[in-house]
Structures are given as structure tokens and as C-alpha cells.
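Have a look at the structure below, then the notes.
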Amino acid sequence: VPVPNIRNFSIIAHIDHGKSTLADKLLETTGTVQKREMKDQFLDNMDLERERGITIKLQAARMRYVCDGEPYCLNLIDTPGHVDFSYEVLVPNCNLVSRSLAACEGALLVVDASQGVEAQTLANVYLALENNLEIITVLNKIDLPGAEPDRVLQEIEEVIGLDCSNAILCSAKEGIGITDILNAVVKRIPPPTDTSQKPLRALIFDSYYDPYRGVIVYFRVIDGTVKKGDRIYFMASKKVIPIRIFLPVGMYADAELFFLFCQQQDYFVDEIGVLSPNQLEVDELYAGEVGYISASIRSVADARVGDTITHFSRKAESSLPGYEEATPMVFCGLFPVDADQFPELREALEKLQLNDAALKFEPETSSAMGFGFRCGFLGLLHMEIVQERLEREYNLSLITTAPSVVYRVNCTSGETVECSNPSALPEPGLRRSIEEPLVKIEMLTPKDYIGSLMELAQDRRGEFKEMKYIAENRASLTYKLPLAEMVGDFFDQLKSRSKGYASMEYTFVGYEESDLIKLDVHINGEPVEPLATIVHKDKAYPIGRALTQKLKELIPRQMFKVPIQACIGSKVIASEALSAIRKDVLAKCYGGDISRKKKLLKKQAEGKKRMKAIGKVDVPQEAFMAVLKLE
Ligand code: GDP
Ligand code: MG
């Protein structure tokens with residue numbers, strides 16, 4: 001297909017507004033996927049994604065479409081659609097959405113005609129506008145009796161300032177308006193510019209690890225051409241390979257030295273092809289086209305989203321803009337319940353990392369918890385997904401400690417250290433001040449919930465910035481707020497306080513000094529490091545009280561009395577006690593029927609799976625997360 005007949009576009013939509021349904025219909029209508037081989041929602045193809053209704057990895061699909069007798073090639077590049085995932089990708093430029101939009105000339109803005117514009121949609125539309133994309137407004141679900149296309153169109157015009165006079169009314173479910181959309185893609189979205197003569201520059205918008213072929217890289221050729229056998233080079237990734245040199249014992253204390261080498265990343269293209277949507281080999285791809293390569297790349301960290309591919313012998317002068325490494329913002333400890341599973345946990349993390357460039361981990365030892373790992377994630381959903389995969393796919397039973405943000409500690413020595421583990425915070429005498437990360441958060445809400453959401457934000461140390469009405473009944477609230485206050489149940493609170501109607505979006509704005517202290521927890525007289533948290537000074541007392549009460553509820557009673565204390569340094573600020581339990585749990589089943597007894601034993605065994613013995617006390621998983629859910 002000649003370049004003037006190519007169209008590259010993506011779909012911007014809030015969760016549940018119908019992106020997957022529409023994508024499926026486009027594939028079906030263009031005959032790309034036959035109806036009988038069509039699994040529901042072709043674009044979401046990981047089990048976990050399907051279950052949670054989210055798209056974690058973006059995908060692409062090439063469609064053939066004939067318009068006015070002329071054949072066209074339409075490339076749909078999907079973007080992750082779940083608010084939980086996109087709102088937490090904090091560094092705007094490494095945002096997956098932004099990279100997939102940068103690979104397109106246009107986007108479909110899909111809005112549910114019975115709902116309206118949401119915070120996430122807004123943020124992504126602005127990204128699309130920044131990338132100079134042509135936006136086609138699609139009102140979906142017009143088959144619903146509650147659809148109010150006029151109201152929603154007016155809202156889009158007012159809030160975003162888009163001209164909606166040629167918006168398309170559609171029902172992805174009923175198949176209404178689908179050819180109008182395909183025709184609009186051809187007629188309104190500009191073709192790519194033909195820059196095939198220039199040195200190769202291809203934008204990586206996704207990559208995944210295949211155990212047989214190595215990393216598969218999804219890209220859009222911006223300039224030049226690329227074919228099988230080419231020697232290619234990644235412009236941003238510089239791989240650092242540690243090489244161990246063993247020295248004769250006695251020469252150095254450690255008898256082992258580490259040297260770091262920087263290596264240029266060049267590879268030979270083993271396979272190149274298009275996504276239709278299954279991988280289909282081709283000989284060569286030209287400027288404007290979208291496809292995949294495999295080149296014996298060992299880990300996704302070597303071919304990162306946003307990086308530029310060029311030729312080794314004819315390098316482009318500059319890489320494509322917008323590459324930034326994903327930095328983990330949230331850290332937690334992962335410990336195997338059974339200490340013997342430590343090597344398996346390491347292996348599983350290494351395997352996951354092959355496919356997840358943003359996942360970081362290093363060994364962590366704690367006297368209370370034994371051997372485990374301190375892991376870094378982009379945000380909470382990322383953390384939950386990794387945990388869930390470790391348990392489901394690798395059969396590990398884990399204890400997760402409460403997530404923490406990364407603090408900057410200015411020490412009296414003049415040094416500044418980063419601290420992502422409250423129990424490792426330098427002693428008060430060694431630190432001058434602590435800085436914490438702040439975010440700007442925008443909430444969109446029907447006006448009835450404004451008061452309740454303002455209360456929530458203020459409660460979480462939020463600093464009010466702005467409120468505007470974006471439509472008659474809807475307002476936008478902007479706050480500056482510590483990231484630490486968002487980690488936990490903020491999103492759940494937002495949803496429950498607004499009966500599910502509010503949405504939010506946040507971006508990292510920087511570090512600021514704050515009056516923070518470490519709150520320790522002692523159980524049975526012993527400090528339990530993984531329960532330590534960093535809190536604002538003004539909140540230490542109420543948090544200490546609530547935390548000890550909550551722990552008292554969560555920790556099962558033992559055969560002896562167990563004191564639970566919250567402390568600042570050596571000062572106890574709150575204290576509770578678990579009274580001793582005398583009878584065996586089974587005692588109350590004496591005389592009862594055997595199946596009931598079995599059930600109780602089974603329940604105990606299940607409970608036991610997620611307990612960690614701290615000294616003589618068994619502490620359940622929930623207790624480690626208690627600090628996130630205090631009233
Ligand atoms: P996504 O989260 O944006 O990918 O949304 P989905 O495509 O998964 O759709 C969310 C829900 O809306 C599903 O239950 C769909 O069946 C439903 N849905 C999608 N499009 C339409 C439509 O045009 N009309 C109606 N009535 N329901 C739709
Ligand atoms: Mg979907």
C-alpha cells in the first residue's frame with residue numbers, strides 16, 4: 001500500500017465507554033478477523049486483563065479497507081484504557097498512552113452518550129492535541145434509552161473545545177455507525193509523510209518478552225525503511241553489563257571486583273512483520289508503517305517503550321523526542337511466607353522483569369521477616385498486578401508490606417539520601433530534613449459530591465488549587481497533595497464518596513520539605529520493622545491510635561497476652577493489648593460433627609498460609625496493610 005493510503009490511529013476512551021467493543025467491530029467489519037475466530041475483545045489478550053477488564057499491554061492491528069474503490073491500510077494502535085493504570089503512570093513522557101499517540105496521525109475519541117467526559121479522557125485528549133493528532137469524536141452507546149447525545153456533545157465542546165459538528169453517533173454493540181467511522185478515518189486523518197529516503201527512525205510503542213524468540217518489539221517507522229537482516233541500534237538504551245572478576249583470595253578483602261561496561265546496543269533483525277492482528281512476516285517496512293521485529297533481544301529493558309530504532313551503519317542524527325525511563329514511585333517489601341521459597345521468588349521476579357522494564361527489585365533482609373525483596377513499581381495497580389502474577393503464575397505465597405513512596409533525606413553530613421523503606425530512615429540525629437514527593441491531582445465530579453471530595457483532599461494534606469465548573473452539573477477540582485497520601489485507599493474513597501461518578505488523574509510535580517517522622521510498631525515488646533511508617537508529625541497520634549486498634553482486631557489472639565504499641569523513638573504514643581486465649585479453637589467443636597471440625601481446620605490452614613511469625617506471634621497479611629485503611 002502506498003504511503004498516501006495508510007492511516008495510523010488510536011482510540012481514546014474512559015474505561016467501559018466501549019473501546020474494546022468498538023475495536024472488535026472495526027476488525028470484524030473490515031474482515032480482518034473472521035467472526036468465528038473472534039474471541040470476545042480481541043485486543044485484550046492476557047487472562048488477567050480480561051478478568052479485570054483492563055488493557056495492560058497495548059497492541060496493534062492492521063486492517064484493509066476499501067473506500068471509494070481505493071484500498072487503504074488502517075493501523076489501529078491500542079492504548080491502555082484503565083483509569084487505575086494510566087492515572088498512575090506518573091512521568092508524562094514515559095506514559096504508554098503518550099507513546100502510542102506519538103505513533104499516530106489521528107485518534108477516535110469515544111465517549112459513552114449516556115455518561116460524559118471523564119478526567120482520564122480529558123488528559124488523553126490533551127496529549128493527542130499536543131501531538132497534533134486529528135480527533136474524530138464518536139458518541140457510543142446511542143442505542144441505550146438513557147443516551148443524551150446532545151448534552152454530551154455540548155459538554156465535549158465546552159470542556160475540550162473540540163468542534164463536534166461532525167461527530168459520529170455509534171453503537172458498537174449494535175454495529176451502528178461503524179462504516180461512518182472507517183470512512184472518517186480515511187477522509188479526515190492525514191496520511192503519514194513519506195520520508196522513506198531519510199535514515200531510519202522507528203518509534204517503539206510496545207515490547208514483550210517471548211521465551212522462544214526473545215523480545216518482540218512493536219514500532220512505527222517514522223523515517224526510512226527497515227528489513228530482515230538489517231543491523232539495528234537502539235538510540236537511548238545503553239546496556240550496562242556487570243562483569244565479575246575473581247581475584248586470588250587475600251588480594252582484596254572481598255576477593256571479588258565488579259566492573260561496569262557500557263555497551264552499544266546493536267542487533268540483527270531476525271524477523272520483521274505486521275500485526276493483522278496476528279504476526280505476519282513481511283520483507284520490509286517503510287516510513288508510515290506499523291509492525292514488529294524480533295532480533296534476539298534478551299530483556300524488554302534493552303528495547304524500551306519510547307526508544308528510537310535506527311540503522312547501525314547509517315544512524316539518524318537525533319532520536320525521536322519523548323523518551324524517558326520509567327521510574328518506580330512506590331516501593332514495598334515482598335517476603336515468602338515460607339523462607340524456603342526465597343530462591344523461587346528471586347527467579348520469578350527475574351522472569352517478570354524480562355517483560356516489565358519498570359519493575360525494580362533488590363534483596364531485603366529484616367530480622368522480623370527474614371529474606372525477601374524490596375520492589376519498586378510505577379504505582380499501586382502495577383504493584384497489585386505483579387503480586388497477583390507471582391502468586392498465580394508462580395505459586396508463591398507472599399507477605400507484602402505496606403507500600404511506601406521515595407523520601408529524600410537531607411543528612412547532617414550534607415549528603416542527601418533516597419529512602420524508600422521507612423525502617424531504613426536515618427536516625428533523627430543524623431537527618432536535617434525530609435522531603436516527600438508531591439502530585440497535582442485533578443478530580444472531575446458531579447456537583448453533589450464536591451463537598452465530600454474537598455473534605456477527602458483536605459484530610460489527606462491536600463492544598464487547594466482550583467475549582468471550575470466544566471458543565472452545568474460537573475466540576476473540576478485541583479489539589480496539590482503528597483503522593484504518600486494517595487497511596488492506599490484514596491482512589492477507593494473517591495469512588496465511594498461519589499457513588500462511582502467521580503474520576504481522577506494525577507501527575508508528579510516534585511519534592512517538598514515536610515515535617516515527617518517515623519512511627520514504629522512494637523508487638524510483644526519487639527519492634528516490627530515492616531510495620532514502621534513515615535507520617536506527618538500532626539497525624540502521628542491519631543494514626544498511632546487507629547493503627548494499634550486495627551492491629552488488635554487483625555492479629556489473632558495467642559496463648560499469652562500480647563501488647564501492641566505505637567512509638568516515636570522510645571516514646572510510646574498508643575498502646576493496646578491482645579488478651580490471652582485459653583481454649584483450643586477445636587474445643588468448641590467437641591461433640592460436634594466431624595465435617596464442621598474439618599472445615600475449621602481447613603480454614604485455619606488457609607489462614608496460616610498468609611501468616612508470618614514475628615517472634616512468638618503470628619501476624620496475618622492484612623496487618624501489614626492495616627496502615628493504609630485507617631478510619
Ligand atoms: P472498554 O472498557 O472501553 O474497553 O469498554 P468495553 O468495550 O469493554 O464495553 C464496556 C461495556 O459496555 C460492555 O458491557 C459492552 O458490552 C458495553 N457496550 C459497549 N458498546 C456498547 C454499545 O454501543 N451499546 C451498549 N448498549 N453497550 C455497549
Ligand atoms: Mg477494554
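Multiply the residue gap between Q493 and S397 by 0.36 nm, knock off their C-alpha separation, and tell me the result in nm, one decimal place.
Length gained between Q493 and S397: 31.7 nm.
Could you tally the net charge around C67, taking each other residue with its Cβ under 13 Å from the Cβ of C67, Lys/Arg +1 and Asp/Glu -1?
Result for the local shell: +1.
Please express the shape of region 386-443 as an equivalent ellipsoid: the semi-axes are the square roots of 5 times the eigenvalues of the C-alpha gyration tensor, given largest first in whole angstrom.
In descending order the semi-axes read 32, 18, 8 Å.
From the phi angles alone, apply the Karplus equation (6.51, -1.76, 1.60; θ = phi - 60°) to region 517-523 and give each ³J(HN,Hα) in whole Hz, x where the residue is Gly or Pro.
For region 517-523, the Karplus curve yields 9, 9, 10, 9, 10, 10, 10 Hz.
Which entries of K495/K518; K571/K616; K141/K480; K465/K499 show an alpha-carbon separation above 27 angstrom in the structure shown?
K495/K518; K141/K480, as the Cα separations exceed 27 Å there.
What FRET efficiency comes out for V3 versus F312 if R0 is 22 angstrom and r is the Cβ-Cβ distance? Round to the nearest 0.05.
It comes to 0.30.
Given a Förster distance of 56 angstrom, what is the FRET efficiency for L630 paired with E70, based on the Cβ-Cβ distance and rounded to 0.05?
The pair L630/E70 has a calculated efficiency of 0.35.
Report D for region 319-420 in µm² per second (integer): Stokes-Einstein, Kirkwood Rh on Cα pairs, 20 °C, 1.002 mPa s.
D = 146 µm²/s.
If one computes P(r) from the Cα atoms of region 258-329, what percent of pairs lie at distances over 20 Å? Before the final figure, lay out the partial values.
Numbers: 1106 of 2556 pairs.
Across region 258-329, Cα pairs with separations above 20 Å total 43 percent.
At 7 Å along the Cα-to-beta-carbon direction for both Y511 and E281, put a label point, then send me their distance in nm to one decimal.
If labels sit at Y511 and E281, their model points lie 5.1 nm apart.
Give me the extension gain from A577 to E157: residue separation times 0.36 nm, minus the current Cα-Cα distance, reported in nm with one decimal.
Numbers: separation 420, 0.36 × 420 = 151.20 nm, distance 5.95 nm.
Separation in residues times 0.36 nm, less the Cα-Cα distance, equals 145.2 nm.
What nm distance separates the two modelled labels at D210 and K351, each placed 7 Å from Cα along Cα→Cβ?
Result for the modelled spin labels: 1.9 nm.
What does the charge count around A172 come to, taking other residues whose C-beta lies under 9 Å from its C-beta (Lys +1, Arg +1, Asp -1, Glu -1)?
Net charge in that neighbourhood comes out at +2.
Using 0.36 nm times the number of residues separating E418 and T365, minus their current alpha carbon distance, what extension gain do you get?
In short, 17.3 nm is gained.
So for region 128-234, averaging the separation of alpha carbon pairs under 8 Å that are six or more residues apart and normalising by length, what relative contact order in percent results?
RCO, region 128-234: 20 percent.
At 7 Å along the Cα-to-beta-carbon direction for both D270 and E553, put a label point, then send me their distance in nm to one decimal.
Placing both labels 7 Å along Cα→Cβ, they lie 5.4 nm apart.
Positive end of the dipole of region 317-401, charges at C-beta (+1 Lys, Arg; -1 Asp, Glu), about the Cα centre: which of L381, P321, Q353 has its Cα farthest in that direction?
L381
All of the numbers you see were taken from the coordinates with simple rules; none came from a lab. Here the structure is a predicted model, which is why all the values come from computation and not from measurement. A quick note on method: Cβ atoms are made from the backbone with ideal geometry, for glycine too, and the neighbour counts reach across all protein chains shown.
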